[in-house]
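The values are calculated or read from the model by the stated rules, or taken from the named source; none is laboratory data. None of these values were measured; they are calculated from a predicted model. Ideal geometry is used to build each Cβ from the backbone, glycine not excepted, and the neighbour counts take in all protein chains shown.
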Amino acid sequence: MTEYKTGLGTSDADNIYLLGHDVANDLMGKVSFGELAFWLATKTRPTPSQVRLFEAVLVSLADHGFTPTAIASRLTYYSAPDSLQGAIAAGLLGGGSRFLGVTEDSGKFLNQKLQGIDYSSFEKSDWEEHARKVVGEENEHKRRIPGLGHPVHKQGDPRTPVIFRIAEEENVLGPHLSLFRAIGEVHEEILGKKLPLNGAGVGGAALADLGLPIDLLRGFALIARTAGLVGHLAEEQKNPIGPDVYYSVDRNAVYEA
């Protein structure tokens, strides 16, 4: 008999099981959605401190207003109001290198720059020295550092200090956040300009410090943004902007041969 093994969920005629627990009796009303999402991805139940930082990052990524992802979701809903799932999917598909994907890109970048480094006894000066090396290498090859800079919050992303503060309060600030904070401190002396550490980048560093799989970091950003897109569609149902956006672009289109 063929077997398909999973450590996630199963069910029978009377019960549903998730991560080895009875959903109805062991999990419902006892486990937050954020805790469950973390648990599903790692197969390890997070501590309350890990959950607090994880959920703070999710909240920070849930919605940023009329971003391209939200507009795509609203326009898709206008085009196909019978397909709510299509509208949500349209918004999620836009999560890439400019929106949402920065969370994953920053986590991967920092993780790569920590490979082969014994940072167990690093102090502030050590992190800054390593950060100078990292920034210098990227600048030499004319590569941008993911998570450094923001098109709107040019003087500082309001989410950034909060994520650092929560990580410190919960004693879960690890090497990814430490390196990213040091990059924020030293990059101006190398690049010649001051750029803020953006919330998506700091969120990626925080998720990496929590031990979440690096290759899944964008998935957590998408979980967060799904809630925001549902909110946009709820608003679109009551006060639609999709028709106006469509007509504005369509009526102002200029043909060029």
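Restricting the search to the range 1-18, which residues are out of contact with any strand residue (DSSP E or B) (no Cβ under 8 Å at 6 or more places or on another chain) and over 20 Å from residue 42 (Cα atoms)? Walk me through how you get there before you give the answer.
Filtering the range 1-18 down to residues out of contact with any strand residue (DSSP E or B) (no Cβ under 8 Å at 6 or more places or on another chain) leaves 1-7, 12-14.
Within the range 1-18, 1, 2, 3, 12, 13, 14 qualify.
Being aliphatic (A, V, I, L, M), over 19 Å from the mean Cα position of the chain (by Cα), modelled with pLDDT of 95 or more and assigned to a helix (DSSP H, G or I) narrows it down to one of 75, 53, so name that one. Break it down stepwise before answering.
Details: 53 fails: over 19 Å from the mean Cα position of the chain (by Cα).
Only one candidate passes the filter, namely 75.
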TODO: Taking the residues in the range 86-101 that are of a type in the set (A, V, I, L, M) and in a helix (DSSP H, G or I) as candidates, determine which candidate is surrounded by the most Cβ atoms within 10 Å (Cβ to Cβ).
DONE: 87
Task: All positions within the range 49-85 that are loosely packed, with under 15 Cβ neighbours inside 10 Å and more than 17 Å from residue 103 (Cβ to Cβ) - done: 65, 66, 79, 80, 82, 83, 85
Open item on the list: I'm checking my understanding of the structure. Among residues of the range 168-183 that are more than 19 Å from the chain's Cα centre (by Cα) and of a type outside the set (Asp, Glu), which one is farthest from residue 115 (Cα to Cα)?
Closed with: 171
- [ ] Collect the residues in the range 62-72 that are free of Cβ contacts under 8 Å to residues at least 40 places away in the same chain and part of a helix (DSSP H, G or I), keeping them in residue-number order.
- [x] 68, 72
Task: Leading residue by the ranking (nearest to residue 200 (Cα to Cα)) among those in the range 171-188 that are of a type in the set (Gly, Ala, Ser) and free of Cβ contacts under 8 Å to residues at least 40 places away in the same chain - done: 184
Open item on the list: For the structure I just gave you, tell me whether residue 216 is touching a residue at least 24 places away in the same chain (Cβ under 8 Å) and within 23 Å of residue 77 (Cα to Cα).
Closed with: no
Open item on the list: Go through (1) at pLDDT below 95; (2) of a type in the set (D, E, K, R); (3) over 27 Å from residue 209 (Cβ atoms) for residue 98 and report which single condition fails.
Closed with: (3)
Open item on the list: Among the residues of the range 45-61, are any out of contact with any helix residue (DSSP H, G or I) (no Cβ under 9 Å at 6 or more places or on another chain), free of Cβ contacts under 8 Å to residues at least 60 places away in the same chain and over 27 Å from residue 32 (Cβ atoms)?
Closed with: no
Open item on the list: Considering only residues that are loosely packed, with under 12 Cβ neighbours inside 10 Å, without any contact (Cβ under 8 Å) to a residue 40 or more places away in the chain and either under 16 Å from the mean Cα position of the chain (by Cα) or farther than 18 Å from residue 108 by Cα (or both), which ones fall in the range 142-167?
Closed with: 142, 151, 152
